[in-house]
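Quick notes on the structure that follows.
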Amino acid sequence: MLNFPPSFLERAKHFAGKEYEQFIQSLSEPAPVSIRMNPFKRHDLFSGDEEIPWSSDGKYLIERPSFTMDPLFHAGCYYVQDASSQFLEQPFLQAKKMFNAPIRVLDLCAAPGGKSTHLLSLLDPGDVLISNEVIPTRNSILKENITKWGCSNVIITQNDPAAFEQLKGFFDIVVVDAPCSGEGLFRKDPSAIKEWSVENVNRCSVRQKNILNSAVETLAPGGFLIYSTCTFEEEENDLQIDYLIQTFGMKKVSIENLNHDIVSTKNGLSFYPHRIRGEGFYISLLQKENGDFYRLKNEKPGSDKFNYRKFIDEYLQSPNDFLPVYKEGRLYAISAKHFQTFRILSEKFYLRLAGISMGEMKGNDFIPSEALALSIFLNPDIPHLNLSEQQIIDYLKGGTPEIPEAKKGWNVVRFQNHSLGWIKNLGNRMNNYYPKEWRIKNDKLR
Ligand code: SAM
């Protein structure tokens, strides 16, 4: 039995009521293992596993495999994610269907990227996601996970939520998956128990209000706010929604409850680990009162002069959908549809990634980037090598497998038709370009 702080147990008696014993018991049981598949990188793995009822690409796994040793995991073919948090799909699709034009979506607290990769799976190509994480080290993990997902309609920013107040009424849907007291993660991450205190619950609630103030400001009139946490605390959940209703006149929108084991609370839905197969989670949907939509004037994208068109033509499929942007030695391909959003954000925000990072110029050579290999827009005619499982694991560890059929120059390395990275064949030897910081280390087995 885990050792819980007495004041947490007191609070649990209040929120779990008659189900207190079962609730506490469930926190000592193993957490179910679940994943969400990438709809843009289909494969047969997990095809026999049980579906998560509220997530179109979600699956429960019977046991936890070694994800680190699975090349398809590194190729971004799936994301390991708790089942409860995949419920995001329901309110998101409910909100999305209210728009009949491309939408701008902001994920304000995005690392490590569970919700952002899920949102990318649900967006249409004309929609754009701004995925923001203020903490630099966490932003790097977000960038890695989004890069592996392979989509181009995303911009990663690294700003305090208050920075978004400059973009008044800019976003159609804002997702706030707030930093919280983390009670729902107690059994997965026992360090969350050590960090728990009543003071921390209060601190979290103040921080959440500040984040929500910025979220409302940057939301378009008529736009939707999705608020979620992984805690059971009323002051971090329903009471935050009361605050939004009272302070900003926001309207609560009821989310269809697909499973009677999910608890409908005053303002949202709560997931308890003794009732459903997933971790603790809370989610609510709100709409901002209507008014005139704030829309930016239509600029003509791509009026600037760029010299790097030819790399886009060579390396991307449908190259005409993209515009080249060259910044600090690196070439990016920005979707023409999202160029205006990119321009506005790039003037005011610290961008970590926009569109597809194509590569960098070293002297006269173009060095293709890892993100390009992982992009779902990579030109299929680029020379590629299909490796065996043994060879690809060797490659992911930094080795250079013997591949006599490798063409001279750049080859993209694949496993079961999913690209993982580059090697360069120099004739007399091969160089492995898989990023050093992503390589499988022998002590990184999980
Ligand atoms: N949405 C993520 C996912 O699904 O993978 C999980 C987000 S986690 C619950 C909350 C995030 O908020 C953390 O990455 C944390 O670094 C970030 N955060 C912490 N303090 C913050 C603040 N004051 N403003 C905005 N974000 C903050």
Relative contact order, percent, the range 110-265 [alpha-carbon distance under 8 Å, six or more residues apart]: 22
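Run the accessible area of the range 4-120 with a 1.4 Å probe and give the carbon-and-sulfur part as a rounded percent.
Working: 2580 of 4800 Å².
Summing carbon and sulfur atoms, their accessible area is 54 percent of the total for the range 4-120.
Using the heavy atoms of the protein chains alone and a 1.4 angstrom probe, what is the accessible area of the chain per residue in square angstrom? Mind showing how you got there, number by number?
Details: 19780 Å² over 446 residues.
I get 44 Å² per residue for this part.
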Carbon and sulfur %, accessible surface of the range 335-392 computed with the full protein complex present, 1.4 Å: 45
On Cα atoms only, tilt of 136-149 relative to the major axis of the chain in degrees: 60
Stokes-Einstein D for the chain, Kirkwood Rh over Cα pairs, 10 °C, 1.306 mPa s (µm²/s): 68
Efficiency of FRET from Cβ geometry, Arg207 and Ser318, R₀ 56 Å, rounded to 0.05: 0.85
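Set the bar at 31 Å for Cα to Cα. Now go through Lys188/Lys288; Lys337/Lys441; Lys115/Lys209 and name every pair that lies beyond it.
Long pairs (Cα-Cα over 31 Å): Lys188/Lys288; Lys337/Lys441.
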Mean separation of Cα contacts under 8 Å (6+ apart) over length of the chain, as relative contact order %: 15
Value of [θ]222 nm, deg cm²/dmol, for the chain, DSSP H segments ≥ 4, -39500 (n - 2.57) each, nearest 500: -7500 deg cm²/dmol
Positive minus negative residues near Arg429 (Lys, Arg vs Asp, Glu; Cβ under 15 Å): +2
Full-stretch length increase - Glu437, Ile62 - with 0.36 nm per residue and alpha-carbon distance subtracted: 132.0 nm
Pair Leu258, Arg138: separation of 7 Å Cα→Cβ label points (nm): 2.7
Accessible area of the range 193-299 belonging to carbon and sulfur atoms, whole % at 1.4 Å probe: 47
Per-peptide average of other Cβ atoms within 10 Å, ordering 386-394, 166-174 highest first: 166-174, 386-394
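The values are calculated or read from the model by the stated rules, or taken from the named source; none is laboratory data. Since the structure is predicted, the reported quantities are computational estimates derived from the model, not experimental observations. Cβ atoms come from the backbone with ideal geometry, glycine included; neighbour counts cover every protein chain shown. Side chains are part of the model used for accessible areas, which takes the heavy atoms of the whole protein and leaves out ligands, DNA and RNA. Shrake-Rupley method; radii C 1.70, N 1.55, O 1.52, S 1.80 Å.
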